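Undergrad: I have a structure here, written as structure tokens, and I will follow up with some questions on it.
The values are calculated or read from the model by the stated rules, or taken from the named source; none is laboratory data. Computed from a predicted structure; not experimentally measured. Please note: Cβ atoms are built from the backbone with ideal geometry, for glycine as well, and neighbour counts cover all protein chains shown.
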Amino acid sequence: MTHLRGVKPPLSSDTEALSKAPPVPKYLAPHAKAEWKRIMPQLISRQIITRADLAGVENYCAMIGTIRQIEEERAAAGGAIDIKLFGVLNRATQTARQLAAEYGLTPTSRARIGAANTDTDDDDNPLAVR
């Protein structure tokens with residue numbers, strides 16, 4: 001298994017970025033559809049999503065939908081934790097977090113996008129603090 005460690009490359013606008021949000025995939029569950037509608041305007045405005053990225057965004061939304069569904073079921077059961085569902089919840093949360101970072105949906109990844117859009121005179125200085 002390979003782990004990518006160290007400094008991640010900054011995200012930047014893509015020349016093939018979508019300018020309009022595609023329709024919500026019909027197969028997504030209600031919570032996943034809501035997440036799609038919530039994040040897609042941000043992704044479009046940052047000009048980082050292309051048609052090739054849509055499967056990853058669908059996966060992110062599906063994982064968020066799974067997390068919310070499990071939490072609703074847990075709340076309806078009086079807060080009881082089903083060990084099997086907890087494992088699914090844990091994996092879905094990890095996957096959603098990783099995908100969120102890929103698409104600039106976390107504070108750190110948004111900062112990388114902002115850093116990519118700034119020009120400074122210190123580009124040639126590897127010790128420059130940003």
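Undergrad: How about segment 29-65: which of its residues are of a type in the set (V, I, T) and modelled with pLDDT under 95? Spell out the reasoning first.
TA: Initial filter on segment 29-65 (of a type in the set (V, I, T)): 39, 44, 48-50, 57, 64.
Result: I44, I48, I49, T50.
Undergrad: Just to be sure, is I64 within 28 Å of A17 (Cα to Cα), among the β-branched types (V, I, T), in contact (Cβ under 8 Å) with a residue 24 or more places away in the chain and touching an Asp or Glu at 6+ places or on another chain (Cβ under 6 Å)? Give the derivation first.
TA: Values: within 28 Å of A17 (Cα to Cα): yes; among the β-branched types (V, I, T): yes; in contact (Cβ under 8 Å) with a residue 24 or more places away in the chain: yes; touching an Asp or Glu at 6+ places or on another chain (Cβ under 6 Å): yes.
Against the criterion (within 28 Å of A17 (Cα to Cα), among the β-branched types (V, I, T), in contact (Cβ under 8 Å) with a residue 24 or more places away in the chain and touching an Asp or Glu at 6+ places or on another chain (Cβ under 6 Å)), I64 qualifies.
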